[in-house]
Amino acid sequence: MYILFSKEVWRFLKVTIQTIITPVVTVLLYLLVFSSVLSEHVEVYKGVSYTAFLIPGLIMMSVLQNSFANNSSSIFQSKLNGNIVFMLLAPISDFEMYIAYTGAATLRGVLVGIGAWVISSLFVVLPVHSFFYLTAFAVIGSAILGSLGMISSICADKWDHIAAFQNFVIMPLSFLSGAFYSINILPDFWQKVSLFNPFFYMIDGFRYGFLGVSDISVMYSLSVVIFFFVVVSIICLWILKSGYKLRD
């Protein structure tokens, strides 16, 4: 398990420009655009600038998207090359395989988040209200998206399927999660719809870790995120155990 985890970590560290630096630069570009245009005109929470409100959402978006990309690309590439058979022949259980891949995806997500946090300090130095919630939502959120990346890569038959899942599921849920706005400004109907988006709870709870304010109770958000993590993990482990599209 440790060797598989190490292999996955070295895999994304070998292409650091693509896997770590590029997402951080993307966060920088978002900040350059939004902070220059809206920072002086929008105040979501009293006493909190729009830039300070925006930064946690952008960091968490990058964490989630890169955690998903890590596992989805790695496992599908192994399927495509045929070398996944060596992993399936190794004396490693489904659970250990899950831990290794999810652990590597979580590490990549957290590294991207740290990089985005550092670069965002050029605009606003955010206070940290709670390291516990900050860490909990970043780690559990990364694990959830890592699990979804495994599920999508196992079920996919070609790169288009992974791209479709990322562009039509992960990306819309990320952008409609309250990363750029508070759901309290939405009409009642769309507020209720937002409550069915698990990404909203991840980003709202993560923002609470920095600012100490959130749209809903942080404990409720944490409960929802943990529940979603358990459900996704069970589905992923079931697929691994069944050998679906892995042991044809």
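Any read-out appearing in this document is the output of simple, stated calculations on the displayed coordinates, not a laboratory observation. Model, not experiment: these values are computed from the prediction. Cβ coordinates were reconstructed from backbone atoms using ideal geometry, including for glycine residues, and neighbour counts include every protein chain displayed.
Here are some notes:
- DSSP-assigned coil residues among trypsin sites (Lys or Arg not before Pro) in the range 164-248, each with at most 13 further Cβ atoms within 10 Å: 245, 247
- Using the Cβ of residue 183 as centre and a radius below 11 Å, the other residues enclosed give a net charge of -2, where K and R count +1 and D and E count -1.
- Remark: relative contact order (the chain) = 27 percent; criterion is Cα-Cα distance under 8 angstrom and separation of 6 or more residues.
- Partner lysines whose Cα lies under 26 Å from the Cα of residue 14, excluding those fewer than 8 positions away in the same chain, are identified as 79, 158.
- Read-out Cα extents along the principal axes in Å, derived from the coordinates shown; its label in (i) 58, 37, 33; (ii) 49, 39, 38; (iii) 59, 49, 35: (i)
- Alpha carbon centroid spacing (whole Å) that separates the range 118-134 from the range 51-102: 26 Å
- Taking 0.36 nm per residue of sequence separation and removing the Cα-Cα distance, the residue 114/residue 231 pair yields an extension gain of 39.4 nm.
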